[in-house]
Amino acid sequence: MNFQNTSVSVPKKKNRALCPNNCRFCISRMSHNDGNKYPTLWDGSNGNAEWKVEMRDRLEFTCKSSDTLLFTGTGEPTYNLEYVSEVIKIAKNELSNPFVNIEIQTCGVDLDDDRLSEMKNMGIKTIALSIASFDNEENGELCRTPKDKTVDIEDLCNRIVNKFRFNLRLTFNLNKTSEKFFDNDANGNPNAKPFYEKCSKLGAAQVTFRRLTATENTSKPAKWVNENNISLEHFKSFEKYIVANGTKLEALPFGLVKYAVDGMSSVLDDDCCHLAYKDTTAVKSGIIRENVKLYTRWYETGSLIF
């Protein structure tokens, strides 16, 4: 199998919240909420012998065709860095083909210098900062971040890029409020240029623009997504801007195309949880869930590989 990346779902740390946010569009709070289907095998710091064997077996299987190891999850991955550290030790020292890039997704909450330094020392190369607005207060409102934990996006990006010299990927969760950051071209159509200007100013080396996904239609987050998603016209304006101003770099294994646009690597993703079937032998992600079993779909236990 050919994997575009290997995604490790980081479990909740004992005696700590799974996530500081309560995002209006949170896919993990939709009605498929299935944490009980993937009970964690991790029993605390340093794991256990069974966990290490199972994790190593899955990483060895995916590393043969995947060069990126991505830490993600149904909560905030940086809230359980002990888990991340133990996986990285295996990935660096016990595999036949070590991953080239190690990346972690984060909402940025509580990401102080001590935590950034810890991640740097682990060998993490890329921080994928997930935001829903360029405006700090609006981003906090959309993500329902506690007021005392509002992320200063500009300051955090500056520390990520300039102080700790990580590669910064900005992952933008597009919604109706995003539309005000566009301007209009001569024909009155949405123009995505201001988005790229703002991302460049923040120091992003890579950008991913995501159209929100609802995996069902009954929960509050799913209803919010269906009512507040960015318009297709605005979303497609990214593609127009990319094609007109970018350089096509390469097709990723799962079919997405990577471009260089205004000095940044850029990908459009309208299926972030890869729910749609694609006629390809490639798999977008080899997903190692909390039970340390390998799947090809986030919310489908039938996608188990082993």
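No lab work stands behind these numbers, since they all come straight from the coordinates. Just so it is clear, the model here is predicted, and its values are computed rather than measured. Here Cβ is always computed from backbone atoms with ideal geometry, including for glycine, and neighbour counts include all displayed protein chains.
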Item to complete: Scan around residue 191 for amide H atoms under 5 Å from its own, H built in the peptide plane at 1.01 Å from N, and keep only partners 5 or more places away or cross-chain.
Response: 183, 184, 185
Worksheet item: Using alpha-carbon positions, what is the distance between the centroids of the range 208-227 and the range 123-162, in Å?
Response: 21
Worksheet entry | the chain - Rg over Rh from alpha carbon coordinates, Kirkwood radius | 0.94
Practice prompt. Subtracting the Cα-Cα distance from 0.36 nm times the residue separation, let me have the gained length for residue 189 to residue 149 in nm, one decimal.
Written response: 10.7 nm
Worksheet entry | Long pairs among 37/92; 14/37; 12/201, criterion Cα-Cα beyond 22 Å | 37/92; 12/201
Item to complete: For the range 118-195, report the convex hull volume of the alpha-carbon atoms normalised per residue, in Å³, without decimals.
Response: 107
Discussion item. Between helix 232-245 and the chain, what is the angle of the helix's C-alpha long axis to the longest principal axis, kept within 0 to 90° and rounded to the nearest 10?
Written reply: 90
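Based on DSSP H runs of at least 4 residues, each adding -39500 (n - 2.57), what is the mean residue ellipticity at 222 nm of the chain after dividing by all its residues, to the nearest 500 deg cm²/dmol? Walk me through the numbers on the way to the answer.
Working: 8 runs with 84 residues, N = 306.
Calculated from helices alone, the mean residue ellipticity at 222 nm is -8000 deg cm²/dmol.
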Worksheet item: For the range 14-25, in order, what is each residue's ³J(HN,Hα) by Karplus, 6.51 cos²θ - 1.76 cosθ + 1.60 with θ = phi - 60°, in whole Hz (x at glycine and Pro)?
Response: 4, 6, 9, 4, 5, 8, x, 9, 9, 3, 4, 10
Worksheet item: About the Cα centre of the chain, what is the dipole size in debye to 20, counting +1 per Lys and Arg Cβ and -1 per Asp and Glu Cβ, all else neutral?
Response: 340
